[in-house]
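Read through the structure below, which is laid out as structure tokens, and then see the notes.
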Amino acid sequence: MKKLAILLALLLAFCGLNAAALAEGGSPTLDKILADGKIVVGCSLSGMPIGGYDENGDPCGYDVDWAHKLAETLGVDLEIVDVNGDTRIPALVSGQIDVIIANITGNLTRAQTVDFSIPYLRAGIKMMTQAGSKYHAIADLNTPDAKVAVGRGTTGEDLVLKNAPSASITYVDVFTDQQILLEQGRVDAVFEDSTLIDYAAGQSGGKLEAQDGLYTSDPICLGARKGDIEFVRYLDMFVSWQISSGWQRETYHKWWGVDPSAMVYIW
Amino acid sequence: MSYTLNFRVLMQYSGLFIDGVLLTLKICAGSLIIGFLLGSILAVMRQSGSRLARGFAAVWVEVLRNTPFLIQLFFFYYGLPQLGIYVDALTVAIIALGINSSAPNCEVIRSGLMAVKTGYYEASAALGFSRFQTFLHVVLPISLRLAFKPLTSNFVNLVLTSSVCYGITLMEIMGVAKTVSARSNRPFEIYLILLAAYCLFTYAVSFIAKAIDRKIEIKL
């Protein structure tokens, strides 16, 4: 009888250990989000139609819609944190946010610190100047007389440093600052994604103009912390489903009024 | 959660950091001069007989002491252009910071002026000094030597407040830190260095100030 009891105890312990081992697999981030019932998303709320505030002071925009969709799909509450070019990655890495949906380009430099999902938007960098400006291309700005404003930690910054290194560069934190500097004539040109530039030029009442030409073709992706590849795979599938179901096309059309270029989906 | 400190990766940005420090020093030096001159003028105005001068100086000091510097800075840089007044960022920073520091400086110098007892005025009058001579040779030296220590503490505050100037696109030490942090993804190391740099600078200033103060202090 005693031997049977010991055997039973060992068997249960063995199962218990195995159960623990099985529970270790899986995504810690996803498990925590589901257990808390809340996902914290970092969005950039300083450039419509990507992200901004509506008349009630609530966040709205293309990225915000994606954040709501992600929360809805997981069945959890959403909390949006406003981040900029230089705070979004530290906020992710430190755990303040779970996902970056802040118009972040998935490039190889950042991929050393952040894992990216498949792209949910495609953008290229465009140049914006005052209306009637003599500067039309980035090559024109490669002189110390030309003043250019770029956001810290953006692909616009990388582009200007590479193609117009002699320009006088002014660093700002958010796109709205770039707009103010340009409108006040303190800078001659700004660089940001076409998605932001075209909207801003359109809204400026003729004061600002977007110069033709896309300088890059960038994949805009969701960003997640390294060390949880299962969560990134979930995000890949999530993005893919929104594309294949047509939701991405609908949402893009809602904010830009035109259809997006065809996006790749895997599932 | 482990994190490996990596200061070496920041070495490539050392040129930018040095430029940032130099710009901070430039801003602080400029606003120190403006702040001291304005502060002295305001202190004299507040002690003067004219009610207009006293009132103007009082309002000036109260407004500046009761509003945040960041808002004063944004007002000058982003606000004035709407009225058609355009000034470049460095000039705005120096003037705004100088004006901001003129308020505490005024109060400090004023207390120095008030500490000169009537006995000194009587003695000067007895010696045949004019009012201006009294001010120049008796009152001013005494007040400034009394006010020196609090003035240096105001200067230290000025240096710490200058970090806010990155908000008007200046690449002083904080502006450089934010840009380098975005490029290198090392905010912990960068802001640690910044904290150490400010501490070092203010400690050095206080040390020098104490040494000078020991030589020039007077007991009334």
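Which condition number in (1) aliphatic (A, V, I, L, M); (2) closer than 25 Å to B:Phe148 by Cα; (3) without any contact (Cβ under 8 Å) to a residue 12 or more places away in the chain is the one that B:Val108 fails?
Only one criterion is unmet by B:Val108, namely (3).
With (1) aliphatic (A, V, I, L, M); (2) in contact with a Lys or Arg (Cβ under 9 Å, 6 or more places away or on another chain); (3) within 14 Å of chain B (Cβ to nearest Cβ) as the list, and A:Val174 as the residue in question, which single condition is left unmet?
(2)
When the residues of the stretch A:48-84 are filtered to those that are out of contact with any Asp or Glu (no Cβ under 7 Å at 6 or more places or on another chain) and among the small types (Gly, Ala, Ser), which remaining residue is nearest to A:Val114 (Cα to Cα)?
Quick first cut of the stretch A:48-84, residues out of contact with any Asp or Glu (no Cβ under 7 Å at 6 or more places or on another chain) only: A:48-49, A:52-59, A:61-70, A:72-83.
Imposing the further condition that a residue be among the small types (Gly, Ala, Ser) reduces the set to A:52, A:57, A:61, A:67, A:75.
On the way: A:Gly52: 24, A:Gly57: 30, A:Gly61: 23, A:Ala67: 18, A:Gly75: 25 Å.
Among residues in the stretch A:48-84 that are out of contact with any Asp or Glu (no Cβ under 7 Å at 6 or more places or on another chain) and among the small types (Gly, Ala, Ser), the one nearest to A:Val114 (Cα to Cα) is A:Ala67.
Please go through the stretch B:160-188 and give me each residue that is over 23 Å from A:Val150 (Cα atoms) and within 12 Å of another protein chain (Cβ to nearest Cβ), ordered by number. It would help to see each step written out before you state the result.
First, the residues of the stretch B:160-188 that are over 23 Å from A:Val150 (Cα atoms): B:160-161, B:188.
Within the stretch B:160-188, B:Phe188 is the sole residue that qualifies.
Of all residues in the stretch A:81-98, which are in a helix (DSSP H, G or I) and crowded, with 23+ Cβ neighbours inside 10 Å?
Of the residues in the stretch A:81-98, the ones in a helix (DSSP H, G or I) are A:88-93.
Hits for the stretch A:81-98 are A:Arg88, A:Ile89, A:Leu92.
In this structure, does B:Thr134 turn out to be farther than 17 Å from B:Gly15 by Cα and hydroxyl-bearing (Ser, Thr, Tyr)?
When the stated conditions are applied, B:Thr134 passes them.
Taking interchain pairs and intrachain pairs at least six residues apart, which have beta carbon atoms under 6 angstrom, with the first residue in the stretch A:29-50 and within 19 Å of A:Thr195 (Cα to Cα) and the second assigned to a strand (DSSP E or B) and not small (Gly, Ala, Ser)?
Qualifying pairs under 6 Å: A:Gly42/A:Val81; A:Gly42/A:Ile100; A:Cys43/A:Ile80; A:Leu45/A:Pro59; A:Leu45/A:Asp82.
Exactly one condition in (1) surrounded by 21 or more Cβ atoms within 10 Å (Cβ to Cβ); (2) among the β-branched types (Val, Ile, Thr); (3) within 14 Å of chain B (Cβ to nearest Cβ) is not met by A:Thr129; state its number.
For A:Thr129, the failing item is (3).
Restricted to the stretch A:47-77, and to residues that are touching a Lys or Arg at 6+ places or on another chain (Cβ under 9 Å) and not acidic (Asp, Glu), which residue is surrounded by the most Cβ atoms within 10 Å (Cβ to Cβ)? Before you say what the answer is, go through the steps one by one.
Residues of the stretch A:47-77 that are touching a Lys or Arg at 6+ places or on another chain (Cβ under 9 Å), as a first pass: A:49, A:62, A:65, A:71, A:76-77.
Checking which are not acidic (Asp, Glu) leaves us with A:49, A:62, A:71, A:76.
Details: A:Pro49: 20, A:Tyr62: 24, A:Ala71: 20, A:Val76: 16.
Only one residue tops the list, namely A:Tyr62.
Do you know which residues across the stretch A:203-233 are more than 17 Å from A:Val190 (Cα to Cα) and buried (at least 20 other Cβ atoms within 10 Å of the Cβ)? Before the answer, list the steps.
Applying the first criterion (more than 17 Å from A:Val190 (Cα to Cα)) to the stretch A:203-233 yields A:205, A:217-233.
Selection gives A:Asp218, A:Ile220, A:Cys221, A:Leu222, A:Gly223, A:Ala224, A:Arg225, A:Phe231, A:Val232.
Of the conditions (1) modelled with pLDDT of 90 or more; (2) of a type in the set (A, V, I, L, M); (3) closer than 29 Å to B:Gly20 by Cβ; (4) part of a helix (DSSP H, G or I), B:Leu170 satisfies every one except a single condition; which number is it?
Unmet for B:Leu170, out of (1) modelled with pLDDT of 90 or more; (2) of a type in the set (A, V, I, L, M); (3) closer than 29 Å to B:Gly20 by Cβ; (4) part of a helix (DSSP H, G or I): (4).
How many residues does the stretch A:238-260 hold that are surrounded by fewer than 12 Cβ atoms within 10 Å (Cβ to Cβ) and farther than 21 Å from A:Gly47 by Cα? Before you say what the answer is, go through the steps one by one.
Here is the first cut: in the stretch A:238-260, the residues surrounded by fewer than 12 Cβ atoms within 10 Å (Cβ to Cβ) are A:245-246, A:254, A:257-259.
Imposing the further condition that a residue be farther than 21 Å from A:Gly47 by Cα reduces the set to A:245-246.
Total meeting the criteria: 2.
I'd like the full set of residues that are more than 18 Å from B:Asn157 (Cβ to Cβ) and of a type in the set (Gly, Ala, Ser), limited to the stretch B:55-106.
Residues satisfying the conditions are B:Gly55, B:Ala57, B:Ala58, B:Gly79, B:Gly84, B:Ala89.
Return the residues of the stretch A:96-125 that are of a type outside the set (A, V, I, L, M, F, W, C) and more than 18 Å from A:Asp82 (Cα to Cα); say none if nothing qualifies.
To start, the set of residues in the stretch A:96-125 that are of a type outside the set (A, V, I, L, M, F, W, C) comprises A:96, A:98, A:103, A:105-107, A:109-110, A:112-113, A:115, A:117, A:119-120, A:122, A:124.
Hits for the stretch A:96-125 are A:Gly106, A:Asn107, A:Thr109, A:Arg110, A:Gln112, A:Thr113, A:Asp115, A:Ser117, A:Pro119, A:Tyr120, A:Arg122, A:Gly124.
Is it fair to say B:Ala29 is over 17 Å from B:Cys106 (Cα atoms), without any contact (Cβ under 8 Å) to a residue 24 or more places away in the chain and not polar (S, T, N, Q)?
Working: over 17 Å from B:Cys106 (Cα atoms): yes; without any contact (Cβ under 8 Å) to a residue 24 or more places away in the chain: yes; not polar (S, T, N, Q): yes.
Answer is yes for this residue.
If you go through the stretch A:177-197, how many residues are within 11 Å of chain B (Cβ to nearest Cβ), in contact (Cβ under 8 Å) with a residue 24 or more places away in the chain and closer than 19 Å to B:Leu80 by Cβ?
From the stretch A:177-197, those within 11 Å of chain B (Cβ to nearest Cβ) are A:177-178, A:180-181, A:183-187; that's our starting set.
Subset that is in contact (Cβ under 8 Å) with a residue 24 or more places away in the chain: A:177-178, A:181, A:183, A:185-187.
The next check asks that each one be closer than 19 Å to B:Leu80 by Cβ; those that pass are A:177, A:181, A:183, A:185-187.
Qualifying residue count for the region: 6.
Return yes when B:Ala103 is at pLDDT 95 or above and touching a Phe, Trp or Tyr at 6+ places or on another chain (Cβ under 9 Å) and no when it is not. Even if it seems obvious, please write down each step before you answer.
Values: at pLDDT 95 or above: yes; touching a Phe, Trp or Tyr at 6+ places or on another chain (Cβ under 9 Å): yes.
Answer is yes for this residue.
Starting from the stretch A:90-109, take each residue that is touching a residue at least 60 places away in the same chain (Cβ under 8 Å) and list its partners that are acidic (Asp, Glu), counting only C-beta distances under 6 angstrom and pairs at least six apart or across chains.
Close Cβ pairs satisfying both conditions: A:Ile101/A:Asp63; A:Thr105/A:Asp218.
What do you reckon, is B:Tyr191 of a type in the set (Ser, Thr, Tyr) and within 14 Å of chain A (Cβ to nearest Cβ)? Please lay out each step first, then the result.
Numbers: of a type in the set (Ser, Thr, Tyr): yes; within 14 Å of chain A (Cβ to nearest Cβ): yes.
Answer is yes for this residue.
Any residue in the stretch B:83-104 that is among the β-branched types (Val, Ile, Thr) sitting within a Cβ distance under 6 Å of a residue that is surrounded by 12 or more Cβ atoms within 10 Å (Cβ to Cβ) and assigned to a helix (DSSP H, G or I)? List the pairs, counting only those 6 or more apart or interchain.
Matching pairs, first to second residue: B:Val92/B:Phe76; B:Val92/B:Tyr77; B:Ile94/B:Ile27; B:Ile94/B:Gly30; B:Ile94/B:Ser31.
The values are calculated or read from the model by the stated rules, or taken from the named source; none is laboratory data. Note that the coordinates shown come from a computational prediction; the quantities given were computed from them, not determined experimentally. Ideal geometry is used to build each Cβ from the backbone, glycine not excepted, and the neighbour counts take in all protein chains shown.
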